[in-house]
């Protein structure tokens, strides 16, 4: 099917914009292609070090240097529910690889932060930069030149993008991503949100809030709302880096184990020297990235990916920007309603038809490129199938033709909205993104006086003092990458939701993040250039009339333009320069690029 004209136009523009950088990346990648096992180039002493701890049968196979060896790179830890299931995977992967005639070694671990734990805490200021640390950790794990393919085990917010950026620096290697799956559904996301709002109003105590949260987050697996973690899983599947249907199979099931073992076998089969050599550089192309953006928009996914996908693309020599997201959003219909974009959770999305039904519908609408490479080969035919166990053997069968729940998942002929609900905002305050898919129509335009805060704590203190019971635009500045690492500001959501429910017109404007938790409050986020770099937000003062307009895509201070001549306020950099490890990230803050450039502290050539 011929792609939608806008999809093709945006793709062609990305290809032309990226021509020089992409070609340099591919040239470097092709120079690294091998026709023998990677470890065969190592000296005897090098190889002896690498196999010294292996069991006898594995040692002899690795020493022979004839069969492919698989790297396991994992974000396992047993504190985070999403990553706790990964603890069993290395043994399964090693067994499957050995049985397939190859071998596998645990190449390295990467850090795994949880924004849910650090929310509103100082540690959140390390969160975004942890993505780049994960990328570097992945590169270190793969740097020993022992490996012919890799499996990357990770789930959550910065972890999958970091693994992918790191893997792309080894673009000559095949890489398969392996998820853990979501935890069982607990209390509804709506019920959880209501308790948070009641706590913000002082109607329930901390014990009641904790009881609610423990019922929501209660078992191994990914949190079930559709935030960045589950958006990651959708992206890895629609971009062809997961086995088909792998994203939302629960942990602790026979099917999850079978998919993990098959991922190891499949990765070995993609290694150089075989018949299906498929390096990751061939998979992550301009068309693949557009498919990822389309999937993100069609599902109302996390706004964090307006940075993460930019950074991933740059790792592959491809240049995308917020114009691309916004123009695609105008033609990609919203096909899923998953919290905070609806009442359902990802388990209900999966049960309604999940990724296979979503991809089928997007293909039918001409919204996905078919001329792409995936770990399953060329095209997307494999990704409209679902995995099943038949007589304990893994197989794939045709996915559903119809949605099992049209309140959660629909086809393009009956969308929830004709557009993807993600917009670029432009005006005299800079450029920002807004996720409007969960914002009611009557709240999509807010024009009100500014209340300016230099931290989310300052806003919450003002709320507790009863000073915000009015129409206003909350300007929370000095929250960008250079100022303090760009923390997520989701802790503001309950307070602002309370004020909106009281009938006040409120909006948030910030150079910080809200991520997949962006909900019913209109939030112009990732404002660039950031206030800490002298952006316009640093000149806003209390009382300035601000208009946030998600319909027309504008973000402006109204009235006398003399406000732009004010002296820019300066951030208190000392407050974010020490404690909870922040001392170690001064270089990251100093070298971070803007949000629209991916908020990396790498320098891409």
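The values are calculated or read from the model by the stated rules, or taken from the named source; none is laboratory data. From a predicted model like this one, the values you see are computed outputs, not experimental measurements. Note that we place each Cβ from the backbone using ideal geometry, even for glycine, and neighbour counts take in every protein chain shown.
Is it true that some residue in segment 57-65 is assigned by TED's automatic domain parsing to the domain that holds residue 169, in contact with a helix residue (DSSP H, G or I) (Cβ under 6 Å, 6 or more places away or on another chain) and more than 29 Å from residue 277 (Cα to Cα)? Checked against the condition, which is being assigned by TED's automatic domain parsing to the domain that holds residue 169, in contact with a helix residue (DSSP H, G or I) (Cβ under 6 Å, 6 or more places away or on another chain) and more than 29 Å from residue 277 (Cα to Cα), segment 57-65 yields no hits at all. Comparison of 258, 263 shows that the only residue that is under 23 Å from the mean Cα position of the chain (by Cα), on the phi < 0 side of the Ramachandran plot and in a helix (DSSP H, G or I) is 263. Selection within segment 331-365: residues that are assigned to a loop (DSSP other than H, G, I, E, B) and in contact with a helix residue (DSSP H, G or I) (Cβ under 7 Å, 6 or more places away or on another chain). The member of this set that is surrounded by the most Cβ atoms within 10 Å (Cβ to Cβ) is 332.
Given the residues 413, 371, which is the only one that is farther than 28 Å from residue 256 by Cβ, under 25 Å from the mean Cα position of the chain (by Cα) and not in a strand (DSSP E or B)? Steps first, please.
Working: 413 fails: under 25 Å from the mean Cα position of the chain (by Cα).
Answer to the selection: 371.
For residue 410, the conditions (1) in the same structural domain as residue 330 (by TED's automatic domain parsing); (2) on the phi < 0 side of the Ramachandran plot are fulfilled apart from (1). For segment 189-216, residues that are touching a helix residue (DSSP H, G or I) at 6+ places or on another chain (Cβ under 6 Å), part of a loop (DSSP other than H, G, I, E, B) and at pLDDT 85 or above total 1.
The strands (runs of 3 or more DSSP E) located wholly in segment 498-605 that include 3 or more residues which are surrounded by 24 or more Cβ atoms within 10 Å (Cβ to Cβ) occupy 506-510, 523-528.
With closer than 29 Å to residue 592 by Cβ, in contact with a strand residue (DSSP E or B) (Cβ under 8 Å, 6 or more places away or on another chain) and not assigned by TED's automatic domain parsing to the domain that holds residue 338 as the only criterion, which of 489, 468 stands out? Before you say what the answer is, go through the steps one by one.
Working: 468 fails: closer than 29 Å to residue 592 by Cβ.
It is 489.
Screening the candidates 238, 165, 187 for the property of being closer than 20 Å to residue 74 by Cα and either touching a residue at least 12 places away in the same chain (Cβ under 8 Å) or surrounded by fewer than 22 Cβ atoms within 10 Å (Cβ to Cβ) (or both) yields one hit, 165. Taken over segment 217-231, the criterion of being touching a helix residue (DSSP H, G or I) at 6+ places or on another chain (Cβ under 8 Å) and closer than 17 Å to residue 84 by Cβ is satisfied by 217, 220, 221, 222, 223, 224, 229, 230. Among residues belonging to segment 44-77 that are assigned to a helix (DSSP H, G or I) and in contact with a strand residue (DSSP E or B) (Cβ under 6 Å, 6 or more places away or on another chain), point out the one that is farthest from residue 155 (Cα to Cα). Filtering segment 44-77 for residues that are assigned to a helix (DSSP H, G or I) and in contact with a strand residue (DSSP E or B) (Cβ under 6 Å, 6 or more places away or on another chain), the one farthest from residue 155 (Cα to Cα) comes out as 61. Which residues, counting only those in segment 471-481, are more than 14 Å from residue 124 (Cα to Cα) and either modelled with pLDDT under 95 or not in a loop (DSSP other than H, G, I, E, B) (or both)? Of everything in segment 471-481, those that are more than 14 Å from residue 124 (Cα to Cα) and either modelled with pLDDT under 95 or not in a loop (DSSP other than H, G, I, E, B) (or both) turn out to be 472, 473, 474, 475, 476. Filtering segment 415-444 to residues that are surrounded by fewer than 17 Cβ atoms within 10 Å (Cβ to Cβ) and touching a residue at least 24 places away in the same chain (Cβ under 8 Å) leaves 417, 418, 428, 440.
The rows are residues; the columns are (1) in the same structural domain as residue 277 (by TED's automatic domain parsing); (2) more than 22 Å from residue 388 (Cα to Cα).
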residue	(1), (2)
151	yes, no
195	no, yes
207	no, yes
210	no, yes
231	yes, yes
239	yes, no
244	yes, no
247	yes, no
251	yes, no
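To keep it simple, each residue is scored yes or no on (1) under 26 Å from residue 312 (Cβ atoms); (2) out of contact with any strand residue (DSSP E or B) (no Cβ under 6 Å at 6 or more places or on another chain).
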| residue | (1), (2) |
| --- | --- |
| 535 | yes, no |
| 542 | no, no |
| 553 | yes, no |
| 575 | no, yes |
| 580 | no, yes |
| 590 | yes, yes |
| 596 | yes, no |
| 601 | yes, yes |
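Counting only residues that are in a helix (DSSP H, G or I), touching a helix residue (DSSP H, G or I) at 6+ places or on another chain (Cβ under 8 Å) and closer than 30 Å to residue 438 by Cα, segment 274-302 holds 13 of them. Every condition in (1) touching a strand residue (DSSP E or B) at 6+ places or on another chain (Cβ under 6 Å); (2) within 20 Å of residue 325 (Cβ to Cβ) holds for residue 439 except the one numbered (1).
Scan segment 416-444 for residues that are assigned to a loop (DSSP other than H, G, I, E, B) and farther than 30 Å from residue 243 by Cβ and jot them down.
Taking segment 416-444 as the starting set, the residues that turn out to be assigned to a loop (DSSP other than H, G, I, E, B) are 416, 418-421, 428-429, 436-440, 444.
Across segment 416-444, the qualifying residues are 418, 419, 428, 429, 436, 438, 439, 440, 444.
Among the residues in segment 139-146, are any within 15 Å of the chain's Cα centre (by Cα), closer than 26 Å to residue 292 by Cβ and buried (at least 23 other Cβ atoms within 10 Å of the Cβ)? For segment 139-146, residues within 15 Å of the chain's Cα centre (by Cα), closer than 26 Å to residue 292 by Cβ and buried (at least 23 other Cβ atoms within 10 Å of the Cβ): absent.
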